[in-house]
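Quick notes on the structure that follows.
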Amino acid sequence: MVRDRIRLVLFDLGGVLVELAGLPTPLRRLRDRLTDDEIWARWLTSTAVRDFETGRIEPHTFALRIIDEMKLDADPDRLLKELAAWTKGLFPGALELVNSIPPQYERGILSNCNALHWSRLVDDTGLGQAVNLCFSSHLTGKVKPDKEAFLHVIDATGYAPDEILFLDDNKLNVEAATRLGIHARQVRGIEEVRQALIEVGILHK
């Protein structure tokens, strides 16, 4: 049974524990030529996003680069304000759900995040105290769906891939984790997280 192998439950933030306001406002302007899935794929593979979320560039530089890269009709300062407002905070019940995971399992975060969001979502909400491990791209320098992001977790924790359950809302990230032998599930929102934990036997109905 999967439950008998799992030692670490690893959560993404946005769309999983953290409520997002749909597509960030600047990216909605791309809907006239791209589907939402295509927009997200471009965001995840953007060199500007990667450099920002790995802490290599400052916010204003990121804004200028993403505007140029994605051909956005946007002002840099306004774009940063809109991106900061993208995250609404933890889903209701998120903290309680994380805390309900039995103590024999370690709890961690693996997220592509940046300095604009990290403190507000993790430090200020108490989530940082509810988990044992935090792997944020702006601190590790590694981003999903690159395999290096997952290998970093494996190396840092000493857990085998099949001892990790990873919950993420993005298909590309789930597929990347699965290729490495990690138990990965695509979930959106707290109820799907809860159901996934029940299905693998970590939580009970």
### Task
Please work out if A156 is part of a helix (DSSP H, G or I) and either more than 23 Å from Q195 (Cβ to Cβ) or charged (D, E, K, R) (or both).
yes
## Note on the structure
If we ask which residues in the stretch 16-55 are under 18 Å from F150 (Cβ atoms) and not β-branched (V, I, T), their number turns out to be 3
### Message
Residues to consider are G55, G93, G108; find the one that is touching a helix residue (DSSP H, G or I) at 6+ places or on another chain (Cβ under 7 Å) and at pLDDT 95 or above.
### Response
G93
### Query
Only one of (1) among the charged types (D, E, K, R); (2) closer than 21 Å to I39 by Cα; (3) assigned to a helix (DSSP H, G or I) is not met by R188, so which one is it?
(3)
### Query
How many of the residues in the stretch 136-154 are within 20 Å of G15 (Cα to Cα), of a type in the set (A, V, I, L, M) and at pLDDT below 95?
1
## Note on the structure
Screening R107, R78 for residues that are assigned to a strand (DSSP E or B) and basic (K, R) leaves only R107
### Message
Filter the stretch 169-188 down to the residues that are of a type outside the set (D, E, K, R) and either in contact with a His (Cβ under 9 Å, 6 or more places away or on another chain) or under 15 Å from S111 (Cα atoms) (or both) and list them by number.
### Response
N170, L172, N173, V174, A176, A177, A184, Q186, V187
### Task
Could you tell me whether the stretch 144-158 includes any residue that is surrounded by fewer than 20 Cβ atoms within 10 Å (Cβ to Cβ), farther than 22 Å from S46 by Cβ and touching a residue at least 60 places away in the same chain (Cβ under 8 Å)?
yes
### D12 vs. criteria in contact with a Leu (Cβ under 7 Å, 6 or more places away or on another chain), in contact (Cβ under 8 Å) with a residue 24 or more places away in the chain and among the charged types (D, E, K, R)
yes
### Task
Would you confirm whether any residue within the stretch 168-181 is assigned to a helix (DSSP H, G or I), in the same structural domain as L10 (by TED's automatic domain parsing) and farther than 19 Å from S137 by Cα?
yes
### Query
For the stretch 55-75, what are the residues that are in a helix (DSSP H, G or I) and exposed (fewer than 13 other Cβ atoms within 10 Å of the Cβ)?
H60, D68
### Residues located in the stretch 111-135, provided they are at pLDDT below 95 and either among the basic types (K, R) or in a strand (DSSP E or B) (or both)
R120
### Message
Being at pLDDT 90 or above and not in a loop (DSSP other than H, G, I, E, B) is the filter here; which residues of the stretch 1-26 pass it?
### Response
R5, L8, V9, L10, F11, G14, V18, E19
#### Entry: Filter result (assigned to a loop (DSSP other than H, G, I, E, B), under 20 Å from L80 (Cα atoms) and either in the same structural domain as E192 (by TED's automatic domain parsing) or not β-branched (V, I, T) (or both)) within the stretch 27-54
R29, L30, R31, S46
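The values are calculated or read from the model by the stated rules, or taken from the named source; none is laboratory data. Quantities reported herein were computed from a predicted structural model and do not represent experimental measurements. Note: ideal-geometry Cβ built from the backbone for every residue, glycine included; neighbour counts use all protein chains shown.
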